[in-house]
Amino acid sequence: MIVAKTIALMDARQVDALPDGGGWQYEPKWDGFRCLAKRDGDKVDLQGKSGKSLARFFPEVAVALAALKPRRFVLDGELAIPQGSTLDFEALQMRLHPSAGRIARLAGETPAILIVFDLLRTAEGKDLTDQPLRERRRELECFIDRLGTAPILRLSPATERRTGFTRKAPGGPSRWSTERSTRWEPLKPRLVAEVQYDHVTGDRFRHGTGFLRWRPDKQPEQCTFDQLKREARPSRLLKAIVQVESAA
């Protein structure tokens, strides 16, 4: 039996730069509702950051958690609704509605998932709240592995590397990193490749990205996001010149 215990969720804190040094774990920030998923036998609850239950608004998540083999656990994570390659925060907000019929309809049309990044109580009833994050992460990965197929849950990627030469901290899911490969490992920036791409969103290449050639004439430090600025098309540039001359 899980003993009732008030758990205060940790808040994110905005800083000017990522911390350096050892002992840090880097994770992406998800666009969803923070949630403690609790199960004690047949009883399942989704506790929001306010301390109030969200289970009524996300019945599909509560039902899926009740169907898992472990009968006791406390998971810390983020409720999210995937839409294609992004997360739809507006779809989450639409769930906060008094109509049970509308909630049931939306649960079927836009089902939510739980992206988990911490385990506070194991299936064996072990309280991990006093354990360091590294130990809790190890326990969480074992917990997820033992579940096998659980579409409702996604393990949030995490890495213990430092920032790259761009001062960014990659690690979130992308077309190359999915739920099947959640850990991101940095490589030493030694080789430079030239690629062709169709679109960039959030400092990530999207759609139609292809390798063109190696660039031994370039140093990794020369590769910055300034290179991704959209160049003016010749037709637009010519049109702008004509307009300037006409105005003169």
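What is the sum of charges around ASP118, taking Lys and Arg as +1, Asp and Glu as -1, for the other residues whose C-beta is under 9 Å from the C-beta of ASP118? Combined, the nearby Lys, Arg, Asp and Glu give +1. Over all pairs of different C-alpha atoms, region 1-149 has a mean inverse distance whose reciprocal, the Kirkwood radius, equals 16.5 Å. Contact order, relative form, for region 45-109: 29 percent (alpha carbon pairs under 8 Å, 6 or more residues apart, mean separation divided by residue count).
Other residues within the sphere of radius under 10 Å centred on the Cβ of ALA193, judged by their own Cβ, net out at +2 (K and R +1, D and E -1). Inter-label distance, THR129 to ARG102: 3.5 nm, where each label sits 7 Å from its Cα along the C-beta direction.
Taking every alpha-carbon pair under 8 Å whose residues sit at least 6 apart, region 33-155 reaches a relative contact order of 25 percent.
Summing +1 for each Lys or Arg and -1 for each Asp or Glu among the other residues whose beta-carbon sits under 11 angstrom from that of LEU92 gives -3.
Pairs spanning more than 31 Å between alpha-carbon atoms, out of LYS29/LYS188; LYS49/LYS69; LYS29/LYS126: none are present.
Bear in mind that the values in this text are calculations on the coordinates, not laboratory data. No experiment lies behind these values; they were computed from the predicted model shown. All Cβ positions, even for glycine, are placed from backbone atoms using ideal geometry, and neighbour counts span all protein chains on display.
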